[in-house]
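Enquirer: For reference, the structure I am asking about is given below.
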Amino acid sequence: MNYNDDKINMTHGAGGEVMQDMISNVILSNITKTSVNGGIGLEQLDDSATIPLYDDHVVVTTIDSHTVQPLFFPGGDIGRISAAGTLNDISVMGVKPLSLNNAMVISEGFNKADFEKIIKSMDETCQEVGAAIITGDTKVIDKDKLDGMIITTAGIGIGKKENIVSDAGLNEGDKIILTGSIGDHGMAIMSQREGFGYETDLLSDVAPVWSMVEAAQSKGKITAMKDPTRGGIANALNEMSDKSGFGLYLDEDKIPIKPAVHAVSEMLGIDPYEVANEGKIVMGVEPDNAEAMLEAIKNTKYGANAQIIGEVTKDKYVLMETSFGGERIIEPPIADPVPRVC
Ligand code: MG
């Protein structure tokens, strides 16, 4: 890694504070028009942007590049993650994803059978939410310039304005729901890279989250939501707290962590709170309907282990009551500790 101040290094793409600084100081400060029709735009740094139309509808759109290594990992592959990642950024705006645009840069010499597996995997993931892949682009470049493949997907959803959920809308007293165990994706990638032999029981959670959003919305109001990808729940919860101006109080005993994730994180000294998830949501919900919303999420394919993990406070910190009865501040990570995780 190169820490020369004049050069971009790996942490600039790692979903933490260093990346946020570059986005503010280099990207936002040099782009003139950053939103359309008063919608959510680049400045808000939300999961997707919105373009309000001239009736009660809104277009939701997002784009994401996927550079995950290895391309095939326990529980998924670059095809599944490049579909789910973008479908999920649309979904956490409260709107059903309709379609993907898919641009692939492939290195010369790439195995055709693997390529087909990746396309099929994208398709299967889209089928889970009924989304279409409607346009795309394919480029091949010299094999010494790229190790495998980069996939960029853009997504579109169309919904009603009243259903849009930003990541900034938490209110004091809201309950926080986490839809399952944390760290599975990042730790599955790390255990495969490090050859730990956890491959068989530790799988990435990569999956489309739409069914859980839909279930929750059928029972009550979601006030704010994110998918905790790079930087993990530590990053997502701090962003939601910062943007709303409220704090969070969490209960460590309610945050599910699989024993294998715990084991790998101890061995590598990596905090599972700071590691990417690819099939989870953290959401704030109105307290009166929180239990009903939790039950609805638990009845979906990927939500069985959902929990209410805490609530929104007047404070400004993300605080957690630990299993031992103490308190710990959950800080936003400087960068996701796992490079090329998505
Ligand atoms: Mg996101």
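The values are calculated or read from the model by the stated rules, or taken from the named source; none is laboratory data. Owing to the predicted nature of the structure, the values given are computational and were not obtained by experimental measurement. Cβ atoms come from the backbone with ideal geometry, glycine included; neighbour counts cover every protein chain shown.
Enquirer: In this structure, does THR322 turn out to be over 26 Å from GLN20 (Cβ atoms) and touching an Asp or Glu at 6+ places or on another chain (Cβ under 8 Å)?
Expert: yes
Enquirer: Applying the selection to the range 213-230, what residues are more than 16 Å from the ligand (Cβ to nearest atom) and not hydroxyl-bearing (Ser, Thr, Tyr)?
Expert: GLU214, ALA215, ALA216, GLN217, LYS219, GLY220, LYS221
Enquirer: Mind checking whether some residue in the range 203-212 is modelled with pLDDT of 95 or more, more than 15 Å from the ligand (Cβ to nearest atom) and assigned to a helix (DSSP H, G or I)?
Expert: Among the residues of the range 203-212, at least one is modelled with pLDDT of 95 or more, more than 15 Å from the ligand (Cβ to nearest atom) and assigned to a helix (DSSP H, G or I), which makes the answer yes.
Enquirer: Within the range 234-243, which residues are crowded, with 24+ Cβ neighbours inside 10 Å and within 12 Å of the ligand (Cβ to nearest atom)?
Expert: If the condition is that a residue be crowded, with 24+ Cβ neighbours inside 10 Å and within 12 Å of the ligand (Cβ to nearest atom), then ASN235, ALA236, MET240 are the ones that fit.
Enquirer: Of the numbered conditions (1) at pLDDT 95 or above; (2) more than 16 Å from the ligand (Cβ to nearest atom); (3) charged (D, E, K, R); (4) more than 17 Å from THR313 (Cβ to Cβ), LYS175 fails exactly one; give the number of that condition.
Expert: (4)
Enquirer: Considering only residues that are assigned to a loop (DSSP other than H, G, I, E, B) and buried (at least 23 other Cβ atoms within 10 Å of the Cβ), which ones fall in the range 52-111?
Expert: Passing the criteria: VAL68, VAL92, MET93, GLY94, VAL95.
Enquirer: Which pairs turn up if I take residues in the range 1-21 that are surrounded by 14 or more Cβ atoms within 10 Å (Cβ to Cβ) and look for partners that are of a type in the set (S, T, N, Q) and modelled with pLDDT of 85 or more with beta carbon separation below 8 Å, at least 6 apart in sequence or on another chain?
Expert: GLY15/THR229; GLY15/ASN235; GLY16/ASN235; VAL18/THR11; MET19/THR11
Enquirer: Would you tally the residues in the range 285-311 being touching a Gly at 6+ places or on another chain (Cβ under 7 Å) and either closer than 16 Å to ILE255 by Cβ or at pLDDT below 95 (or both)?
Expert: Qualifying residue count for the region: 5.
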